[in-house]
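Worksheet: the structure to be examined is printed underneath.
The values are calculated or read from the model by the stated rules, or taken from the named source; none is laboratory data. This is a predicted model, so every value here is computed, not measured. Methodologically, a virtual Cβ is constructed for each residue, glycine included, from the backbone with ideal geometry; neighbour enumeration extends over all protein chains shown. Accessible surface is based on the protein model in full, side chains and every heavy atom, while ligands, DNA and RNA are left aside. Shrake-Rupley method; radii C 1.70, N 1.55, O 1.52, S 1.80 Å.
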Amino acid sequence: MVSSELSDHKPGVLTAFRVLGAFFSAAIIVALILWATRGTTTYDPDRSTKRYANLKKLNDDNAKKTGEYAVVDKAKGIYQLPIKAAITLTVKDLAKVQPHPAYPVVTAPAAPAAAPSPVATPAAQP
């Protein structure tokens with residue numbers, strides 16, 4: 001009989017108010033978000049022009065630094081080389097060095113040291 005009582009149960013007025021309340025609460029939240037963000041635009045044509053100019057300057061500076069010889073600090077002996085020249089010099093230097101391990105290589109594990117045998121000590125007799 002319990003199942004027939006549950007199937008005959010119809011939603012009441014309280015349930016309808018809860019559903020409508022949830023719907024209106026969501027609508028109010030959406031309306032508040034739209035109201036708070038009204039009139040805000042993130043597009044600024046001057047900003048994009050400035051950013052493209054900065055990018056072009058950065059790319060030109062990088063091309064100049066990676067493609068020309070220059071003196072960075074003469075007192076410290078720091079000079080700037082083009083990338084291609086630096087690669088050529090580095091390859092020549094590395095060709096002279098023979099490969100070798102960077103740490104001592106152990107070919108076989110060391111034999112464990114034999115544990116000292118316990119020596120029986122005579123008990124002191126009174």
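The phi-based Karplus calculation (6.51 cos²θ - 1.76 cosθ + 1.60; θ = phi - 60°) puts the 3J(HN,Hα) values of the range 41-53 at 10, 9, 8, 9, x, 5, 5, 5, 5, 5, 5, 5, 5 Hz, whole numbers, x for Gly and Pro. In this label model, residue 33 and residue 48 are separated by 2.6 nm, measuring between points 7 Å along each Cα→Cβ vector. The gain in end-to-end length when the residue 73 to residue 106 segment is fully stretched comes to 7.4 nm, 0.36 nm per residue minus the alpha carbon separation.
Taking every protein chain into account, the 1.4 Å probe leaves residue 78 with about 80 Å² of accessible area, to the nearest ten. Taking amide H positions as modeled 1.01 Å from N, with prolines and chain starts lacking one, the residues under 5 Å from residue 80 and 5 or more places away or on another chain are 70, 71, 72.
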